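The values are calculated or read from the model by the stated rules, or taken from the named source; none is laboratory data. Nothing here was measured: the structure is a model prediction, and the numbers come from that model. In this analysis, Cβ positions are derived from the backbone assuming ideal geometry, glycine residues included, and neighbour counts consider all displayed protein chains.
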C-alpha cells in the first residue's frame, strides 16, 4: 500500500456519506440517490462512480474482480484493479467465483453470482428517461408520480417504425414493479440475469453523482408489450475459442478482407469453458 | 474510552458497515457484530456500532430514551451529530424506551424519498417473543423473525409504512450485538 493515502483512497467522512447513500439506495430499489461525488484520480467516464462505491464497501479480506465489456484484461479493468491494489493492498482475481466484489463496465458475468458477492456497475447515465426529457426536475417528477408513458411511447414508436424494439443495450427495466431503471449500458442479453439475482447490485454514476441499487431476490422486468415480448440477442455462430453457444459473443474482424470471428465477451467464462 | 468513535476508524467501520449492508440487503437476516470493544450502558452494542459507522456532523439525530441526556452526550462526543427534538428533522432516530409510531418521522419527499429518517429501535429479544413472517425485495421466499419488546401494533405499523412506498422510514432493530434491518419495502405477511 502506498503512503499518504487512506485505505481505499477516499477519506472516512466521504465513505460514511457514500455508505449512507448506499443503504438508502437499497431501501428504495431502483431509485437514483444523489450523493456528493468526489473527484477521482481518473477522468469521468472511466468508472469514477463504480470506484467510489467499491472504495466505500471494500475491506482487507475482499477479493476484487474488475471487468470491462466482460474482459478481465482490458485497459480500464487492469487500471482499476491496479488502483485498488495500490490503495488497499487487496487480492484481485479473474475468477468470477472467487471474487467477493465484482466491478463491471457494461457486462454481467455469465457465471451465476452468489449471495455473498456484490456486483458494482459503472454507470455513465443513470437516468433512463434523460433522452426523452432533458430536465432533471422533470424526470424526478416523472419517477415520483410513476408517469412512465413517455418510455412506453418510445418503445411503441420503435416497434411501429422498425417492427421491434431496436434498443440492444441499456434496455430499460422496471425494478421491484416500481422505478424504471437503467441497467447501465449492459447488452439486453444480460437483463434476465438481473431478475432475482442472488447477489446485491450497486450502481455508481460519478459524473452524474447518483447511486442506485437492486437488492438480491428483487423483481427486475425488461419493459415490453404483450404482443411484442422482450427477447435477448441470439447468434447462429459459436465462440471461436471455446465453442460456447450460450454466452454473449463479440464480433471481431480478423483481416483486411473483412473476415470475422465470434468470441465470448466474458473472458473468464471462455477460459474455464475451454478447460472443461 | 479514550478516543472518539472507533479506535481504528478505517477498518472497524468497514467491518461494521459490511454487516449493516448485509442486513439491509437481506431483510430479516440477523447479523452479529463481533466488535464488542465499544459500549455505553443504555445502548446495545449493535446500536453503538451503527452510530459510530453511519453518524457524523451531517446527520441530525433524534433520541427517545429515559436516559436521553446521557445518550445525547455520548453521540455528540463520538460523532459530532447535531441532536434534534424534532422527529421530522431527524436523519436518524434512536429509540431505547417507549412506544412509537412511524408516521411522526420524516418519510421523505415524493421526489426525494431518500431524505427520510432511519430509525434504530432497541428491542429486548430476537430469539423469543412474537413471530413475524416477512416478504419483499432481498428475501428469497419469506423470512421469519421472532421479536420481543417492539412497538405496539408492529405489524400494522410496518405494513402501513411499506404501503407508502417509495416514501417511508427505514428501520434497524438492535438487540445486544445483533441487528435486523427492515427497509420500507418489507411487508409482514403473517
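Side notes on the structure shown:
- For region A:57-70, the criterion of being touching a strand residue (DSSP E or B) at 6+ places or on another chain (Cβ under 6 Å), assigned to a helix (DSSP H, G or I), within 14 Å of chain B (Cβ to nearest Cβ) and crowded, with 22+ Cβ neighbours inside 10 Å is met by no residue.
- Flag for residue A:185 being more than 14 Å from every other protein chain (Cβ to nearest Cβ), at pLDDT below 95 and surrounded by 15 or more Cβ atoms within 10 Å (Cβ to Cβ): yes
- Qualifying position, being more than 14 Å from chain A (Cβ to nearest Cβ), touching a helix residue (DSSP H, G or I) at 6+ places or on another chain (Cβ under 7 Å) and free of Cβ contacts under 8 Å to residues at least 12 places away in the same chain, among B:65, B:39, B:72: B:39
- Filter pass, residue B:57 being surrounded by fewer than 19 Cβ atoms within 10 Å (Cβ to Cβ) and within 14 Å of chain A (Cβ to nearest Cβ): yes
- Looking only at region B:143-175, residues that are assigned to a helix (DSSP H, G or I) and within 27 Å of residue B:49 (Cα to Cα) come to 6 in all.
- Region B:6-36, subset facing chain A (nearest Cβ under 9 Å) and in a loop (DSSP other than H, G, I, E, B), residue surrounded by the fewest Cβ atoms within 10 Å (Cβ to Cβ): B:26
- Boolean, residue B:94 is within 14 Å of chain A (Cβ to nearest Cβ) and in a strand (DSSP E or B): no
- Looking only at residues of region A:153-181 that are touching a helix residue (DSSP H, G or I) at 6+ places or on another chain (Cβ under 7 Å) and under 20 Å from residue A:212 (Cα atoms), we find that the one that is surrounded by the fewest Cβ atoms within 10 Å (Cβ to Cβ) is A:169.
- Qualifying residue in region A:133-151 (condition: within 19 Å of the chain's Cα centre (by Cα) and assigned by TED's automatic domain parsing to the domain that holds residue A:213): no
- Complete set of residues in region B:131-142 that are in a strand (DSSP E or B) and surrounded by 13 or more Cβ atoms within 10 Å (Cβ to Cβ): B:132, B:133, B:134, B:135
- Single condition residue A:104 does not satisfy, out of (1) part of a loop (DSSP other than H, G, I, E, B); (2) closer than 25 Å to residue B:20 by Cβ: (1)
- Answer residue from region B:131-165, given it is within 24 Å of residue A:221 (Cβ to Cβ) and in contact with a helix residue (DSSP H, G or I) (Cβ under 8 Å, 6 or more places away or on another chain) and is farthest from the other protein chains (Cβ to nearest Cβ) among those: B:136
- Number of the condition not met by residue A:97 [criteria: (1) surrounded by 17 or more Cβ atoms within 10 Å (Cβ to Cβ); (2) modelled with pLDDT of 95 or more]: (1)
- Candidate set from region A:156-173 (those that are over 25 Å from residue A:122 (Cα atoms) and touching a residue at least 40 places away in the same chain (Cβ under 8 Å)); member that is nearest to the other protein chains (Cβ to nearest Cβ): A:156
- Any chance residue B:99 is part of a loop (DSSP other than H, G, I, E, B), away from every other protein chain (no Cβ under 14 Å) and on the phi < 0 side of the Ramachandran plot: yes
- Annotation note: of B:185, B:174, B:117, the sole residue that is under 17 Å from residue A:23 (Cβ atoms), modelled with pLDDT of 95 or more and facing another protein chain (nearest Cβ under 10 Å) is B:185.
- Restricting A:29, A:41 to residues that are within 19 Å of the chain's Cα centre (by Cα), part of a loop (DSSP other than H, G, I, E, B) and assigned by TED's automatic domain parsing to the domain that holds residue A:174 narrows the list to A:29.
- Region A:1-50, residues that are loosely packed, with under 15 Cβ neighbours inside 10 Å, more than 11 Å from chain B (Cβ to nearest Cβ) and under 22 Å from residue A:137 (Cα atoms): none
- For region A:106-152, taking the residues that are free of Cβ contacts under 8 Å to residues at least 60 places away in the same chain and in contact with a helix residue (DSSP H, G or I) (Cβ under 6 Å, 6 or more places away or on another chain), the one that is surrounded by the most Cβ atoms within 10 Å (Cβ to Cβ) is identified as A:129.
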